[in-house]
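> Have a look at this one before I ask anything.
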Amino acid sequence: MEATTFDLEEKRLNEEISKHGAKRVLIQLPEGLKTEGPRLVAVAEKAGALAVVSADPCYGACDLATLDAKSLDADLIIHYGHSKMIEQKQVPTVYIEAKAKVSVKEAVKKAIPLLERWSKIGLVTTVQHVQTLDETRELLLEAGKTVAIGDAGHLKHPGQVTGCDYSNAKSVSKEIEAFLFVGGGRFHALGATLATAKPTIIADPFERRAYSIEKEAQRILRQRWASICEAEKAESFGVLVGLKTGQKKLDEALKIKEKLEKSGKKVTLLAVREITPEVLMQFPAIDTFVNTACPRVSLDEASKFLKPVLTFTEALVLLGETDWEELCKKGLFGS
Ligand code: SF4
């Protein structure tokens, strides 16, 4: 995927710097767009600001670099690739969504035969392709489908999903039979099917192809159940508290700590920015981790970890407070 495939709105970058009278700007880019950093710095400097690119990973709008901007004395954050998720007044922040400049038509047309079994379709996409949903809806209507695009009011655009917010999908889940996800990669489509338990077909406009995510979702569900079973033997738990602004759920962490302790387990609270195997390996006495930060680390990256890393909801299954079969039927996670 070429970075030039996305609209980085250089003119707007220039205008926002002038409008805010910014003298020092911190530019945050998701991993796929980091290569554009030097070019955007040149644009920002032409507008009269000193620009710094955050080289740290940025996987979502949950990871707004407010504290970094403050420590660098930056008076503006330009956050690329996501829409607003966090309310904060400490450092003015401009979101540039980086809309994709690719046609979705060919991929959607290829998806239609894969949707053959279903007539009621829900449409979901990332912020990069929200502008294409009307065209996709038309193509589906022409193919004789009925189409629902959810708007639960949590995200900026109807039909939009993020890695952990499927509220728009969930809001129409009962009235549809399957989802069509428009966008690149498997990550968000996998999230949609795991969060709603509905079959999901991907129309990938970058690769101009369509395919089902069903097998991968089933593999993940089997893996999650295996992790819960393994965690049954655990005596010592580490409860992970996210340090990224949008991942900090201290109340949830304290709640699960209390519940685990009541069932006789030893619990250590661990504060963490990046949850990696290397970080968790520093705690060999801990048998199982409960992750209250980014749920996708548990769901998508399980094979990297030597010990179970359960989500909050999976920990409730372990404690007998939630039924696994029911959870699989209604969706594994997500608001
Ligand atoms: S918490 Fe995880 S899935 Fe949600 S926005 Fe952040 S990185 Fe993405």
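Since every read-out is calculated from the coordinates, none of them should be taken as a lab result. Everything numeric in this text was worked out from a predicted model, so none of it was measured. Methodologically, a virtual Cβ is constructed for each residue, glycine included, from the backbone with ideal geometry; neighbour enumeration extends over all protein chains shown.
> So for the stretch 3-98, averaging the separation of alpha carbon pairs under 8 Å that are six or more residues apart and normalising by length, what relative contact order in percent results? Mind showing how you got there, number by number?
Values: 165 pairs, mean separation 31.0, N = 96.
Value for the stretch 3-98: 32 percent.
> Restricting to DSSP H runs of at least four residues, report the calculated mean residue ellipticity at 222 nm for the chain, -39500 (n - 2.57) per run over all residues, nearest 500 deg cm²/dmol.
So the helix-based figure for the chain works out to -9500 deg cm²/dmol.
> Sorted by average packing, counted as other Cβ atoms within 10 angstrom per residue and highest first, what order do 204-217, 150-163 take?
Details: 204-217: 17.1, 150-163: 19.5.
Going from most to least packed, we get 150-163, 204-217.
> Okay, moving on. When ranked by the protection proxy of mean other Cβ atoms within 10 Å per residue, highest first, what sequence do the peptides 223-231, 189-197 form?
Ranked by mean Cβ neighbours within 10 Å, highest first: 189-197, 223-231.
> If you wrap a convex hull around the Cα atoms of the chain, how much volume per residue is inside, in Å³? Let's see the in-between values first.
Details: hull volume 44.5 nm³, N = 335.
So the per-residue hull volume is 133 Å³.
> Using alpha-carbon positions, what is the distance between the centroids of the stretch 224-241 and the stretch 105-136, in Å?
After rounding, the separation between the Cα centres reads 38 Å.
> How would the stretch 3-98 be classified by its alpha-carbon gyration tensor: rounded, prolate or oblate, with rounded meaning a/c under 1.5 and the a/b versus b/c comparison settling the rest?
In terms of gyration-tensor shape, rounded.
> Could you tell me what percent of the DSSP beta bridges with both partners in the chain are antiparallel, to the nearest 5?
So the antiparallel bridges in the chain amount to around 15 percent.
> With a cut-off of 8 Å between alpha carbons and a minimum separation of six or more residues, what is the relative contact order of the chain in percent?
14 percent
> Once phi is turned into θ = phi - 60°, what whole-Hz ³J(HN,Hα) does the Karplus curve with 6.51, -1.76 and 1.60 give for every residue of the stretch 95-112, x standing for Gly and Pro?
Residue by residue, the stretch 95-112 yields 9, 10, 6, 6, 5, 6, 9, 10, 7, 9, 4, 4, 5, 5, 4, 6, 6, 4 Hz.
> Could you tell me which of ALA69, ALA178, SER167 has its Cα farthest along the dipole of the chain towards the positive end, charges placed at Cβ (Lys, Arg +1; Asp, Glu -1), taken about the Cα centre?
Of the listed residues, the answer is ALA178.
> For the chain, what is the charge dipole size about the Cα centre, in debye to the nearest 20, if Lys and Arg each add +1 at the Cβ and Asp and Glu each add -1 at the Cβ?
Using Cβ point charges on Lys, Arg, Asp and Glu, the chain gives about 160 debye.
> What would the Debye equation give as log₁₀ I(q)/I(0) for the stretch 105-212 at q = 0.14, 0.15, 0.24 Å⁻¹, counting only Cα atoms as equal point scatterers?
Rounded to two decimals, the profile gives -0.42, -0.49, -1.44.
> Here's a follow-up. If the convex hull of the alpha-carbon atoms of the stretch 221-330 is projected onto planes in all directions, what is the mean projected area in square nanometres?
Computing the convex hull of the Cα atoms and averaging its projections yields 6.4 nm².
> On to the next question. Hey, which of these cross-link pairs are over 24 Å Cα-Cα: LYS11/LYS101; LYS262/LYS329; LYS145/LYS198?
As for pairs spanning more than 24 Å Cα to Cα, those are LYS262/LYS329.
> Here is a follow-up. I need the phi-derived Karplus couplings for the stretch 283-294: 6.51 cos²θ - 1.76 cosθ + 1.60, θ = phi - 60°, integer Hz, Gly and Pro marked x.
After applying 6.51 cos²θ - 1.76 cosθ + 1.60, I find 10, x, 6, 8, 8, 9, 10, 10, 9, 9, 8, 7 Hz.
> Taking the number of other C-beta atoms within 10 Å as the exposure measure, put LYS46, LYS11 in order starting with the fewest. Let's see the in-between values first.
Numbers: LYS46 13, LYS11 9.
Lowest count first: LYS11, LYS46.
> List the lysines whose Cα sits under 24 Å from the Cα of LYS265, skipping any in the same chain fewer than 8 residues away.
LYS233, LYS248, LYS249, LYS255, LYS257, LYS307
> Which order do MET85, MET281 fall in if you start with the one that has the fewest other Cβ atoms within 10 Å?
Arranged by neighbour count, lowest to highest, MET85, MET281 become MET281, MET85.
> Let me ask another. To the nearest 20 debye, what is the magnitude of the charge dipole of the stretch 1-158 about its Cα centre, counting +1 on the Cβ of each Lys and Arg and -1 on the Cβ of each Asp and Glu? Write out the running numbers ahead of the final one.
Working: 21 positive and 23 negative charges, 47 e Å.
The dipole of the stretch 1-158 has a size of about 220 debye.
> Work out the length of the dipole vector of the stretch 149-251 about its Cα centre, built from +1 on the beta-carbon of each Lys and Arg and -1 on the beta-carbon of each Asp and Glu, and round it to the nearest 20 debye.
It works out to roughly 160 debye.
> Ok, one more. Taking H placed 1.01 Å from N in the peptide plane, check which residues at least 5 places from VAL53 or on another chain put their amide H under 5 Å from its amide H.
Answer set, sorted by chain and number: ILE27.
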